[in-house]
Every structure is written in structure tokens, then in C-alpha cells.
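Since the structure comes first, as C-alpha cells, the remarks are kept for the end.
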Amino acid sequence: MIRERLIFEISDEGKKGFSFPKLDVPESKTVTENFPLRDEIKDFPQVSELEVVRHFTRLSQTNYCIDKGIYPLGSCTMKYNPKLNEKIAQIPSFLSSHPYSDQEMMQGNLKVLKTMEDLLAEVTGMDAFTSQPAAGAQGELVGMMLIRAYLEAKGDPRKFVFIPDSAHGTNPSSAHICGYKVKEIKSNQQGTVDLDDLEKNMNEDTAAIMITNPNTLGVFENQIKEVSDLVHSQGGLVYMDGANMNALMGICRPGDMGVDVMHLNLHKTFSTPHGGGGPGAGPVGVKSILEPYLPIPRVIKQNNHYLFHSDYPKSIGRIHGFYGNFLVVVKALAYVLSQGPDGLREVSETAVLNSNYIRKSLEKEFHLEYKTPTLHECVFSDKLQKKHQVSNLDIAKRLIDLGAHPPTMSFPLIVHGALMTEPTETESKADLDLFIQAMKQIAKEAEENPEVLKSAPHHSYVRRLDEATAARNPKLRWEP
Amino acid sequence: MYPDDFHYTKDHEWIQVKGDEATVGITDFAQSQMGDVVYVELPKVGDELDAHQTFGVVESVKAVSDVFSPVAGKVTQVNEGLNDDPEVLNKDPHSKGWIIKLKVKDKSELEELMSASEYEKYLEGLEE
């Protein structure tokens, strides 16, 4: 395969992809003379329209995406993004609305925000939601800020936040940025929070526990009520990372488990695109004790009329320009309404079924560190393949050859050589079987011909990249 | 593989004591588990460390890990060379890849650490 050249390398003096009408007024130099042009880039590429079209089309074809095949990144919930969502988000009155428009002119938009917040509260059993946080990590930070504001109002923000070793990797940094010291809580042999370890550490210096449920092993924290009772008994609060909510919808509600505050990822559970396809959104839900602290403005409904309301003296303030990533909320609302309550439950049931189908089909070929039943994802390891000097990296690279995106690698840290696999509900049995077949072939190759794994991928656009050099000496821009 | 005059921690740091001064680094096992190291965050000379206290961070293409001080002491020197050549941690973890030097506060703390043969046994346990 020929390497696609950079657009700068395609450039040729004099080629262009635009044509202006003939100049029929005197030429003005003031714009070019006074405009702060950057001098780092001497020349912009000069290319024809067709060259631009072909260049970006070829690049897009080298990309792997959910529209091409299974994308089983664990805890990322890479489900299909229905085109209906995009269609709704592109309705001109959504697409062209301006944040400075008069509230009277955007009643529909406000209704979207309020409806979504209410529906998320219903799905999770929380009392109130804000749809403003721009992504999961910001949602976590907002959640921790709410906890801090609440505790400060009671006189003492406290010092520590507990985070289980099976939680999401962003949790410790969110707690840290919010000024808390992080204490890791160990998992027991079932892969759930070790209650004894928690009890031993719990005291009145503890602000909160941040718990992911189901955790990154895909295991449901079946003692979540005991965990939250214990933390509450000493005046601490419970934060739940809702990134894995795709396993629970319509089946059980964090609000019933003693959770005080949580975030959701609309770009995971609620089928809006990850990254490149648009920004994310990480709405935060709270129990009523935290509601006064929610960020402003909030959308309220008065006499059949929607309005932004900012008169909340205890609020932590603004956390996002304007009103969050509005069109992402529109897409997620389209999803929730098109699924309906029974549909959402079916989503979770099928996500769990698909994951267990993969787990059961591969349990002989790949080691499972924890035998506890799992929900929407399962964590294999490379333990059996290690005997043949084959690592999870080699397995992941070989999967690229066989037409699948690799699972999340080397996380959670409590499983060495982890392959955290989450197929989501949108994969058909036929597509799951393709993945299972590929994994079985890899297990066989590890025994019979490990070299083919160690030198994989063989059929991709680029082979194994030198990640270490890329990280040590990053070249972030083109230079002639 | 593991020098006899080093002591080892369960978190895979080594410490070599000569007189009052000790050199601290991460073990060959640690570097092999982490993969290619791309960045090392060093403490400041003069920092006072407790035993088990985090004094630095090692980042590889795979993971970010804290490094803990095996004993209490005061940082007397840091391996500035790691800023430009973090890969030394992979190539020579037990010698050129040292991370900090410490003035040890209380040598009796060394007794709580593992010897080379104990550490090797500990690693065998982890492999199972």
C-alpha cells in the first residue's frame, strides 16, 4: 500500500481549488497588511479540488470506525450511532439556533434540555440532572466539586476520597484536581470492593468514595448498598461513575443504591459519537441534598414555559460556555425517545447477553482472572498466550489483521495483560461470531506460529508503529 | 539478575546503601512490565521523603506508575539524564537507570525490605 502523502507534500505552485469572481472594485491592501498572519507556516498547500477530495477520501478509508465493524473497547461502549440521531440534530431550528437568541425564541431547545434531564433522572433514580458537562471527565470533576461544596457548607470539606482499584482511570485525577487525596481500596477475590479494607480506612476525614458500577471488570458491585451505608454512616458521600450504565438501564437504578451523585456519558450509553464525530457530553445527576449546588444556569419549567434560571446562591457556578454541548443532548434525546423504556431495558439486556456470549465462547482459549459473572464487558488476559511469549499487544495487533478493532488493553491494572472486551448490544450474532473466530484463530496461532502474532499487523495501512519514539520525540507539525 | 547488595520492595523498587547514602531505582521486572518508558518525573533535591512515600512517576507507552521511596530520607541527587533519555530505565534499570540518591534517615528500615533471593521468590509467586 502506498503511504498517503501529507497535503503539504501534494502541493504544487499555482494549483488552486477555488475561483473568485473578477475584481470589480479597487484592491485594498489594508486586510493583508494589518491581519496578524502566522509566520510559522510560510505557504499553505496549493492543491486542486479533486486532489483535496481524493486525499481526504483516501485518508478516511484508512480509518477504522464503528460503521466498518465491531469496536469492542471495554468501558468505552462503542455502540452504533444511529443515523436518525444525526438527522434530528440537523433539523435547521436546532442546528442554526444561537445561544444569544431570546429565550422566547428557543422554547423548543429549552424543552429538549429539560426533557432530557428529567428522563435521565428517571432512568437513574436521581432527583435532578444538569446536562452541561462536556464529557465524562468534566462530569466527574463537577460531581466532586458538588461534594466539596456540600461538605464545605457543613463546615469541613474533609481530606480523602476512596477509589477502588477497579475504577475508571480518570477518577483519581478528578478527585485530585478537586483538592482531595486519593486512597486506593482493594478488590476482593470476586473482583468487587473489599468491604473490610473500606471499613478499616473509613473515618470522618473521608469526603467520598468514587465507585464505578459495574466496575471495569464488568462485575456488578453487589455490596453497593453496604458500601454506601458505610460511607454515609461517617458523613461521606457516594459518587458513581456511570460510564458503564449500558449494563443497567431499566433493570436497576443508582439512585436506589445509595448513590448521591453520578455522571453519565451520552457518547457511551446514549449512542452519540465518540471523539471525531462531535464532542461528548457528561450529564451529572444528584440527590436532592446536592441539588442547590448544581451549576447554573438551570432549565426550569414555569406555567408551561421554559426558562434559564440562575438564582441559586449555593451553586458552584458556571462550568461551560453557554449551555453545554447542546446538539449532543439532542442526539441522545432522539435515542432515548426512539428506544422508549422497554427499548432501553432491552439495550442493557442485549449488551449483557452479547458480552457473555463472547466470554463463554472464548473461556477455554483465553484466561479469565476473575470467575465472577460479568455484565456488559469481560476481561480476558494473555496468561495462556504468555507461555508462547505472546502478549496482549500481539493479540491486539493481530486482531487488526482479522478485521476487528482490538479491545481495551492493559486495563484494569489489577489484571495483568488485560483485554477488556465490550461488544455492546448493537453487534449481531454473526458479527460476534466473526470476532470470536478471530480470537480463536489467534489462540491457535499463539501455539503453532507465534511469529505471525509478534510481527502483526500484516495487512493494515501501517505496520507496528514505534510508540516509544513517538512519545519521547513527538513531531507534532509538518516542516518542510 | 538481581544484585545481592540491593534491597527490594513489593512495589518493585531497589535500594543500594553505601554508608549514609542510598541509590534508588526500579527493578528489571518493573521495567519489563511497564514496557517502553517515555517520561520520568523526578523529585527536587532536598525533598524529605517518608518510607513508602511517592517521589516520582514513571510513564510508559502502557501505563503511568508512581515510584515509592523504600525508606525515609532526604533527596541528595536526582538522575537528570532520565529527562532526555528515559529509555535508560529499560536498558539498564539497576545501574545507569537509577532515579534518586537519598541520605538515609534510619537504616533499620532496610530490614523490612526483601533481599535479592527473597525478591526473586516474590516474583515467582506473582507469575503464578
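The values are calculated or read from the model by the stated rules, or taken from the named source; none is laboratory data. Just so we're clear, the structure is a prediction, and the values are computed from it rather than from any experiment. Virtual Cβ from ideal backbone geometry, glycine too; neighbours counted across all protein chains shown.
General observations
- Test: A:Ile316 is surrounded by 15 or more Cβ atoms within 10 Å (Cβ to Cβ) and out of contact with any helix residue (DSSP H, G or I) (no Cβ under 7 Å at 6 or more places or on another chain): no
- Meets criteria (out of contact with any Phe, Trp or Tyr (no Cβ under 9 Å at 6 or more places or on another chain), more than 14 Å from chain A (Cβ to nearest Cβ) and of a type in the set (Gly, Ala, Ser)) for B:Ser108: yes
- Of all the listed residues (A:Glu184, A:Glu140), the sole one being under 25 Å from the mean Cα position of the chain (by Cα), of a type in the set (Asp, Glu) and not in a helix (DSSP H, G or I) is A:Glu184.
- Residue match in the stretch A:315-324 (condition: assigned to a helix (DSSP H, G or I) and within 22 Å of A:Met245 (Cα to Cα)): no
- Whichever residue in the stretch B:42-68 is surrounded by fewer than 16 Cβ atoms within 10 Å (Cβ to Cβ) and of a type in the set (D, E, K, R) and, among such residues, is nearest to A:Leu393 (Cα to Cα): B:Asp66
- Only one of B:Lys103, B:Lys121 that is charged (D, E, K, R) and not in a helix (DSSP H, G or I): B:Lys103
- Applying the condition of being surrounded by fewer than 23 Cβ atoms within 10 Å (Cβ to Cβ), outside any loop (DSSP other than H, G, I, E, B) and aliphatic (A, V, I, L, M) to the stretch A:394-407 and asking which residue is nearest to the other protein chains (Cβ to nearest Cβ) yields A:Ala396.
- Selected residue (only one of A:Lys444, A:Lys364, A:Lys360 is in a loop (DSSP other than H, G, I, E, B) and more than 14 Å from every other protein chain (Cβ to nearest Cβ)): A:Lys364
- Output for the stretch A:415-441, where each listed residue is more than 12 Å from chain B (Cβ to nearest Cβ) and of a type in the set (A, V, I, L, M, F, W, C): A:Val415, A:Leu419, A:Met420, A:Ala430, A:Leu432, A:Leu434, A:Phe435, A:Ile436, A:Ala438, A:Met439
- Scanning the stretch B:42-54 for residues being modelled with pLDDT of 95 or more, in a strand (DSSP E or B) and either within 14 Å of chain A (Cβ to nearest Cβ) or under 18 Å from B:Thr9 (Cβ atoms) (or both) gives a total of 1.
- Residue match in the stretch B:69-79 (condition: within 12 Å of the chain's Cα centre (by Cα), surrounded by 19 or more Cβ atoms within 10 Å (Cβ to Cβ) and within 13 Å of chain A (Cβ to nearest Cβ)): no
- The helices (runs of 4 or more DSSP H) found wholly in the stretch A:1-108 and carrying at least 2 residues that are under 26 Å from the mean Cα position of the chain (by Cα) occupy A:49-62, A:83-89, A:92-95.
- Qualifying residues in the stretch A:447-480 (those that are modelled with pLDDT under 85 and away from every other protein chain (no Cβ under 14 Å)) - the one farthest from the chain's Cα centre (by Cα): A:Pro480
- Index of the failed condition, A:Ser410 passing every other in (1) within 12 Å of chain B (Cβ to nearest Cβ); (2) among the polar types (S, T, N, Q); (3) in contact with a Pro (Cβ under 7 Å, 6 or more places away or on another chain): (3)
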